[in-house]
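Enquirer: Sharing a structure below in structure tokens format, with a few things to ask.
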Amino acid sequence: MASVRFTVTPTKAEDLPGLSDTSPDISSRSGARVRFGSRESVNRSDPLSDASGGAGTETPDHSSVEQGDGNSKISSVYINNSHCLDDDDFYDKNLALFEEEMDTRPKVSSLLSRLANYTNLTQGAKEHEEAESIGEKKKAGKSPHMGTFMGVYLPCLQNIFGVILFLRLTWVVGNAGVLQALCIVFICCCCTLLTAISMSAIATNGVVPAGGSYFMISRSLGPEFGGAVGLCFYLGTTFAGAMYILGAIEILLMYMAPNAAIFESKSPEGEGAAMLNNMRVYGSICLLLMSLLVFVGVKYVNKLASIFLACVIVSIVSIYVGALVSAFKPPQFPVCMLGNRTINGHEIDDSPTFDPSPAPSLVEKTTYLWKQFCQSPELNSSCDQYFTSNNFSEIEGIPGLASGIISENVWSSYLSKGDVVEKSSLSSSHLAPPASTHQPYVFTDIATSFTLLVGIFFPSVTGIMAGSNRSGDLKDAQRSIPIGTILAILTTSIVYLSSVVLFGACIEGVVLRDKFGDSVKGNLVVGTLAWPSPWVIVIGSFFSTCGAGLQSLTGAPRLLQAIAKDNIIPFLRVFGHGKANGEPTWALLLTTLIAELGILIASLDLVAPILTMFFLMCYLFVNLACALQTLLRSPNWRPRFSYYHWTLSFLGMTICLALMFISSWYYAIVAMVIAGMIYKYIEYHGAEKEWGDGIRGLSLSAARFALLRLEEGPPHTKNWRPQLLVLLKLDEDAHVKSPRLLTFASQLKAGKGLTIVGTVVSGNFLQSYGEALAAEQTLKHLMDKERVKGFCQCIVAQKPREGISHMIQSSGLGGMRPNTVVMGWPHAWRQSEDPQSWKTFINTVRVTTAGHLALLVPKNISLFPSNSEPCSEGYIDVWWIVHDGGMLMLLPFLLRQHKVWRKCGMRIFTVAQMEDNSIQMKKDLATFLYHLRIEAEVEVVEMHDSDISAYTYERTLMMEQRSQMLRQMRLSKSDRDKEAQLVKDRNSMLRLTSIGSDDADDTDGVQMTWTKEKTSHYRATHSGCSTPEGFRDMLSIRPDHSNVRRMHTAVKLNEVIVNKSHDARLVLLNMPGPPRNSEGDENCILHCSLVVLFWSYS
């Protein structure tokens, strides 16, 4: 075919040359379309002269130029527009070479246009309020405009700074000491910093919608891990809301309005329970009000966020200023001490006549404290021994920055529950009994330890995901998220570390260990250091904790809605719905109920370790996701944030895991069990999402590594196990003819090992591709129904025999190739409806033997029990005739692992000849089975030599006569071709004769390739039964002696097997192999049909 070359050059419309009349017909190709640009033309080597050059010459209008919108469009009569293409579609492209791909592959220009206009929409929920009422019109969407400072840095600061800083950090420093407190803060900050580095790498590897850590983990580790960790992060955020509310109520009832308590206790033992009840009541009311505010609208929460952030900043600044001022003018907060024991300041305040005299015996009038330690207000009454042995003293609660008190606060001072807060540097008499709770001491409410303090403090460093949650509002998210998040973590870390040092250097140790400030008359401990007044910290911390609680109640429902809308957890689907503007109403209701559980716990110290577990688990998987993506080197892993390394991610993951078990090992186990249950639930129901996750990449890498390891050496016999290739046949309606073959495969494998289910579709691959896909789907559906774990393979071939041969040769990969072929018995081999089945069967046997593979041939497979039909009794009989390497012994053992055959016994029969010692054979076989660790009954069957019966002789004779008759009556392929050529030549000669002669019947002079004589002679020589002589020759056939012996063995063996195994559930025996000469294939299939009772289920 001659090639046509087009040269496309830009030109003006008026300079357009004509088209040559000798141009090839470019419209002759069906379906082809030629497109040219609006200002481009086609130059030919022999252009016609311009129409204006020849006066008086009529030139046909070969081309016309249309002007429109400033663009020239050229329409040529030589271009076939038979497809009725629109002019814009016909002329708007100059990529004619790729025009057939335009329907499925977009142009680069259109692709870039769509990418440029891409908006990173929220996965699941709208992060911000767009319309609060139905009647309000939606405003025109503004482009993201927030920068690093306002969009990431400040939100992270607000979420990180929380209730622990104001209520528990001084207590942590007092119990752990400055050194261990610095260690606690440093470990927690390192954990969040390393997590932020990993998060920055994931967040800058593409667009991160407002799903936060859930989006990053699910898209990096898959839906199972994403759903499990996403729900853990949701529970952590929800319990964080409960913790913030409890902190706000604690500030309210302990420091702002102590008289607002509803429940009061008259005895000191009941004060703790009464306080918890007050926390429950006020906490529930506060939770309800906050939930209603979030339900009304997020925009109100966002407006209050700046106020709450200002409260946090002002409170922290007041602490630093107060610490500096204390170096010059310490605030006056005296602490009363009895010996080295701390006296409750509330009791002193209630005693207007208190006088800290050197000894109680010198006073003339008893005080309120005398009544607390003595039995009566009289001077001669009996008093507490410690009270009489020690003196009262007064120390400064805030010595100041220049006092050197840090030397006493460096080391830890852990206490047990009910211990009195003591100052070790003061002298006292230790020969006294333990203090009573009725005495006005400051007692510890819980036992403290390093691990407990880690769990309580860690929530104060969480909140690093606030920036990634706002990625939709950032002008440059891939730049702002890493910088803002890491700067926020560094800022808060510096604040925490410096606060630890300042608290240890400015505040007395007994005040630091006083959790609720009882020694300083009920003031907030950190407030005593603040400047100018403790109320700055009290009010600021109250509003900051309220704001943090609102933020948690706002973010948690949206996270749950994002998980529900991904539809990976079916029972959460209802929580994906909400109001018309996208607000998650149902998710907010569930969040409120779960937060109420945290409120009912009513203790800040008990709720904090719970959310610590959930946040640590979330951070652990963020680090794991980054490490996996880095080590797997996925082509899609190209983060803009380059300051990461897999070692940092693994270090962060290790710290997270260590902190989980350090803070609370039983909480860690519970959190892992919850995450594991969610993981298995998603895996069981089948996560249909495919996000190109790292776990799948890890599986691919592990599979590649394992396959390469298997190739290093030949497999050992100890590692041998049946890797099945199950050959199924489909009917005309694409239904599997023998589905019980898969039932057998599932019972044999018990869900383990390699199983490949294959079939062959007759035809051409280009034309039968759709049929092959349909067959593959049929196989997959049947595999799911039979619960067979494996792969399916469909091969398109012209002949089934060739397809089966190709499948046996090519199935599997490396060391995971099938070593056992399972195929059905050709039941219709005698009938003419399937004459090729026995040939396909014998050919498969030959191919399997050539490939050194085991072959399992079930007979009567339709009677095979299903997986729901266990056998309550019976036997599996094994007829061990020839040694096959142990396969026959292994099959019943594998089947008995399945519940269907578990209760069946095992019997092994072997055949002995006359010269064999049957008794010794039985002993040897029993010993052999003992070493194989197989329990079975053993029996040796003796087959005596006997004369060949007339039935055997007659059966063999009939077999050979039938085989010869079939060979003579069936024409080979060359015979059919010769017969067709005979008919064709005869007809062509008759036509030639009729043309050259008037007499159509005179054909004697025609010399044909095949004459009647030749045809008769050919048929006479090739059809022995067409004449009486041929029939007599067939009757005179004498059967071959080897065939007679084979038939005799088959008949005798059949009789013995039927006699011995008539009550067996399953009979397994060796199948005779095919003959070396292919001419005996028909005899082989008959011998096998007499012997093979494989899968004879009774």
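Enquirer: Output the number of the condition that Gly814 fails; it satisfies all remaining conditions of (1) at positive phi; (2) without any contact (Cβ under 8 Å) to a residue 60 or more places away in the chain.
Expert: The number of the failed condition is (2).
Enquirer: I'd like the residue in the stretch 274-290 that is under 11 Å from Leu246 (Cα atoms) and under 40 Å from the mean Cα position of the chain (by Cα) and, out of all such residues, is most open to solvent (accessible area, probe 1.4 Å).
Expert: Arg280
Enquirer: Are any residues in the stretch 189-233 on the phi > 0 side of the Ramachandran plot and either modelled with pLDDT of 85 or more or crowded, with 24+ Cβ neighbours inside 10 Å (or both), and if so, which ones?
Expert: Within the stretch 189-233, Gly212, Gly222 qualify.
Residues are listed down the side, and each one gets a yes or a no for (1) closer than 16 Å to Thr820 by Cβ; (2) without any contact (Cβ under 8 Å) to a residue 24 or more places away in the chain; (3) surrounded by 17 or more Cβ atoms within 10 Å (Cβ to Cβ):
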residue: Trp720; (1), (2), (3): yes, no, no
residue: Val726; (1), (2), (3): yes, no, yes
residue: Asp731; (1), (2), (3): no, yes, no
residue: His735; (1), (2), (3): no, no, no
residue: Leu741; (1), (2), (3): yes, no, yes
residue: Thr755; (1), (2), (3): yes, no, yes
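Enquirer: Restricting attention to the stretch 599-610, does a residue exist that is touching a residue at least 40 places away in the same chain (Cβ under 8 Å) and within 24 Å of Tyr679 (Cα to Cα)?
Expert: yes
Enquirer: Could you check the stretch 173-188 and list, in sequence order, the residues that are of a type outside the set (Gly, Ala, Ser) and either open to solvent by 10 Å² or more (accessible area, probe 1.4 Å) or more than 40 Å from the chain's Cα centre (by Cα) (or both)?
Expert: Within the stretch 173-188, Val173, Asn175, Val178, Leu179, Gln180, Leu182, Cys183, Phe186, Ile187 meet the criteria.
Enquirer: Would you pick out the residues in the stretch 857-894 that are closer than 23 Å to Leu728 by Cα, in contact (Cβ under 8 Å) with a residue 12 or more places away in the chain, open to solvent by 70 Å² or more (accessible area, probe 1.4 Å) and of a type in the set (Gly, Ala, Ser)?
Expert: The answer is Ser862, and nothing else.
Enquirer: Further question: Quick check on the stretch 404-416. Is at least one of its residues in contact (Cβ under 8 Å) with a residue 24 or more places away in the chain, of a type in the set (Ser, Thr, Tyr) and open to solvent by 60 Å² or more (accessible area, probe 1.4 Å)?
Expert: The answer is yes, given that some residue of the stretch 404-416 is in contact (Cβ under 8 Å) with a residue 24 or more places away in the chain, of a type in the set (Ser, Thr, Tyr) and open to solvent by 60 Å² or more (accessible area, probe 1.4 Å).
Enquirer: Can I ask one more? Go over the candidates Thr585, Thr591 one by one and state the one that is open to solvent by 20 Å² or more (accessible area, probe 1.4 Å), of a type in the set (S, T, N, Q) and either at pLDDT 90 or above or farther than 30 Å from Ile483 by Cβ (or both).
Expert: Answer to the check: Thr585.
Enquirer: If you go through the stretch 500-526, how many residues are farther than 23 Å from Cys311 by Cβ, of a type outside the set (Asp, Glu) and in a helix (DSSP H, G or I)?
Expert: 8
Enquirer: Same structure, new question: Across the stretch 919-955, what is the total count of residues that are modelled with pLDDT under 85, exposed (fewer than 14 other Cβ atoms within 10 Å of the Cβ) and either touching an Asp or Glu at 6+ places or on another chain (Cβ under 6 Å) or part of a loop (DSSP other than H, G, I, E, B) (or both)?
Expert: 7
Enquirer: Report yes if some residue within the stretch 134-149 is modelled with pLDDT of 60 or more and open to solvent by less than 10 Å² (accessible area, probe 1.4 Å); otherwise report no.
Expert: No, the stretch 134-149 contains no residue that is modelled with pLDDT of 60 or more and open to solvent by less than 10 Å² (accessible area, probe 1.4 Å).
Enquirer: Next question, about the same structure. Output the number of residues of the stretch 624-652 satisfying the condition of being within 14 Å of Gly697 (Cβ to Cβ), touching a residue at least 60 places away in the same chain (Cβ under 8 Å) and not hydroxyl-bearing (Ser, Thr, Tyr).
Expert: So the answer is 9.
Enquirer: Can you give me the number of residues within the stretch 291-317 that are crowded, with 20+ Cβ neighbours inside 10 Å, in contact with a Gly (Cβ under 6 Å, 6 or more places away or on another chain) and not polar (S, T, N, Q)?
Expert: Counting residues in the stretch 291-317 that are crowded, with 20+ Cβ neighbours inside 10 Å, in contact with a Gly (Cβ under 6 Å, 6 or more places away or on another chain) and not polar (S, T, N, Q) gives 2.
Enquirer: Out of everything in the stretch 764-793 that is under 28 Å from His852 (Cβ atoms) and open to solvent by less than 30 Å² (accessible area, probe 1.4 Å), what residue ends up being farthest from the chain's Cα centre (by Cα)?
Expert: Ranking the candidates gives Leu779 first.
Enquirer: Of these, Leu730, Leu707, which one is under 23 Å from Thr630 (Cα atoms), at pLDDT 80 or above and more than 19 Å from the chain's Cα centre (by Cα)?
Expert: Answer to the selection: Leu707.
Enquirer: Filter the stretch 696-714 down to the residues that are open to solvent by 60 Å² or more (accessible area, probe 1.4 Å), part of a helix (DSSP H, G or I) and more than 13 Å from Leu632 (Cα to Cα) and list them by number.
Expert: Matches in the stretch 696-714: Leu708, Arg709, Leu710.
Enquirer: Restricting to the stretch 597-608, give me the number of residues that are part of a helix (DSSP H, G or I) and open to solvent by less than 30 Å² (accessible area, probe 1.4 Å).
Expert: 6
Enquirer: Can you run down the residue pairs with Cβ atoms below 8 Å, 6 or more apart or on separate chains, where the first is in the stretch 772-788 and of a type in the set (Val, Ile, Thr) and the partner is not in a helix (DSSP H, G or I)?
Expert: Thr778/Leu730; Thr778/Ala734; Thr778/His735; Thr778/Val736; Val788/Thr755; Val788/Val757
Enquirer: Step by step: first the residues of the stretch 635-678, then only those that are surrounded by 15 or more Cβ atoms within 10 Å (Cβ to Cβ) and of a type in the set (S, T, N, Q), then the one that is farthest from Arg479 (Cα to Cα). Which residue is that?
Expert: That would be Ser664.
Enquirer: Here's something else I'd like to know. Can you confirm whether Phe263 is closer than 27 Å to Asn567 by Cα and open to solvent by 20 Å² or more (accessible area, probe 1.4 Å)?
Expert: No, not satisfied.
Enquirer: Quick check on the stretch 679-695: of everything there that is in contact with a Ser or Thr (Cβ under 9 Å, 6 or more places away or on another chain) and either of a type outside the set (Asp, Glu) or at pLDDT 70 or above (or both), which residue is most open to solvent (accessible area, probe 1.4 Å)?
Expert: Step by step, filter the stretch 679-695, then rank; the result is Lys689.
Yes/no per residue for (1) among the aliphatic types (A, V, I, L, M); (2) open to solvent by less than 10 Å² (accessible area, probe 1.4 Å); (3) touching a helix residue (DSSP H, G or I) at 6+ places or on another chain (Cβ under 7 Å); (4) not in a helix (DSSP H, G or I):
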position: Thr528; (1), (2), (3), (4): no, yes, yes, no
position: Trp535; (1), (2), (3), (4): no, no, no, no
position: Gly547; (1), (2), (3), (4): no, yes, yes, no
position: Pro557; (1), (2), (3), (4): no, yes, yes, no
position: Lys579; (1), (2), (3), (4): no, no, yes, yes
position: Ala595; (1), (2), (3), (4): yes, yes, yes, no
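The values are calculated or read from the model by the stated rules, or taken from the named source; none is laboratory data. What you are looking at is a predicted structure, and each value in this text was computed from that prediction instead of being measured. Heads up, the Cβs are rebuilt from the backbone with ideal geometry, glycines too, and the neighbour counts pull from every protein chain shown. All accessible areas refer to the heavy atoms of the entire protein, side chains included, with ligands and DNA or RNA removed. Shrake-Rupley method; radii C 1.70, N 1.55, O 1.52, S 1.80 Å.
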